[in-house]
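Below you'll find the structure, written out as structure tokens, and then a few comments.
What follows draws every value from the coordinates through simple rules; no lab data is involved. These figures come from a predicted structure and were not determined experimentally. Cβ coordinates were reconstructed from backbone atoms using ideal geometry, including for glycine residues, and neighbour counts include every protein chain displayed.
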Amino acid sequence: MIAGFDVGGTNARCLLIETDSGRVIDRERSSSEGSGVELRDRLTGIVRELERRNQTTVDAVGLGVAGLAHRSGVVRYSPNLPGLVEYPLGTEMQAALGVPVAVMNDATAGAWAEAKLGAGRGSDDFAFVALGTGIGTGFVCGGRLLTGANGFAGETGHMVVEANGPEHITGQRGPWEYFASGSALGRMGREAAEGGVFRAGTGLAGSIQAITGVHVVAALRAGDGEAAVILDEFCRAVALGLTNLVVIFDPERIVIGGGLTEIGKPLQEGTQHWLNKLLLGAKHRPAVDVVMAELGDEAGALGAALISQQQA
């Protein structure tokens, strides 16, 4: 058996997976908050509980972590997991469990899961873009997962798309994540409501200040035209960043994952439309297809488990 974790800013999700078939046998989750030691003990306890519950033994563990997860097992930086910064989570868990533990970025793990089991199948060159509270990306190039010298490849949510743009929570000015994440969609909804052009949002949220991306999506599903305008602006912002990825990596496919996939077809079609319009030389190059991820919120944990199996 192998176990894979997706460690986000609030929760840690774990999957117990049958090594030969890739079938998910069991699931567990817990809080990811607290110090590195607290999280180590909590994650180790989950593995032991899954072993006990299923009367089995885990042979390798993969940790997909939101942040700069060094291949050595140390989480160098994570704005949403401050207790893990510079903590050797991988080596500490390996010592506690007595089995190999691989540590990687959560979006990198998600890309590999989609490559093997999801929307990336059949493609040797694609980009996985997780749109959630922030933006995470992973790349498969020539059939291989791109990890970089340290394991940090794929932090494109922090690439600057507007040099003199607004300041992000990281202190950067104008990163892609500021304009095209789930947080950005909520901000767009509030700004539209302040301008008197998203009345449904105010009604759903109770006040302009309470509007989030959830309310924009709800209004969109109800057929609200003003929400559709907001989504179109959002899709343009997503596509703007994607054009940079395309000219650098030349993927044949872009797989959209993360929490915003619940928007579904309108997000996929809107992003495809704007990518075709904004991409340099789009008429003279093969089309880059935008598709929706297939593995949902389990992609990170699945990919982490698969990578741990390869590295064991």
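Among the GluC sites (Glu not before Pro) in the range 1-107, those placed in a DSSP loop whose Cβ has at most 11 other Cβ atoms within 10 Å are GLU86.
At R0 = 45 Å, how high is the FRET efficiency between THR57 and HIS158 if r is their beta carbon distance? Nearest 0.05 is fine.
On the way: r = 39 Å, r/R0 = 0.87.
Efficiency for this residue pair is about 0.70.
When Rg and the Kirkwood radius Rh are both evaluated on Cα atoms of the chain, their ratio Rg/Rh stands at 0.99. Of the residues PHE198, THR91, VAL47, the one whose Cα sits farthest toward the positive end of the charge dipole of the chain, with +1 on the Cβ of Lys and Arg and -1 on the Cβ of Asp and Glu, is PHE198. Annotation: extensible slack from ASP124 through CYS141 equals 5.5 nm (criterion: 0.36 nm per residue apart, minus Cα-Cα distance). Only Cα pairs under 8 Å and 6+ residues apart enter the sum, and on that basis the relative contact order of the chain stands at 21 percent.
Straight-line reach only, C-alpha to C-alpha below 28 angstrom: list the lysines that LYS116 could link to, leaving out same-chain residues fewer than 8 apart. Cα-Cα hits under 28 Å: LYS265. Just going by the charge dipole of the range 121-293, with Lys and Arg at +1 and Asp and Glu at -1 on Cβ, which of ALA130, THR271, ALA218 is farthest out on the positive end? Value computed over the given set: THR271. Taking 0.36 nm per residue of separation and subtracting the current Cα-Cα distance, fully stretching the chain between ALA228 and SER72 would add 51.7 nm. The slack between ASN276 and GLN172, meaning 0.36 nm per residue of separation minus the straight C-alpha distance, is 34.6 nm.
Can you give me the pair-distance distribution of the range 121-293, C-alpha pairs, 5 Å bins, whole percents? Per 5 Å bin, starting at 0, the Cα pair percentages come out as 2, 9, 17, 20, 19, 15, 9, 5, 3, 1. Only DSSP H runs of four or more residues enter the estimate; each adds -39500 (n - 2.57), and after division by the residues of the chain the mean residue ellipticity at 222 nm equals -12500 deg cm²/dmol.
P(r) tail for the range 243-312: Cα pairs beyond 19 Å make up 46% of the total.
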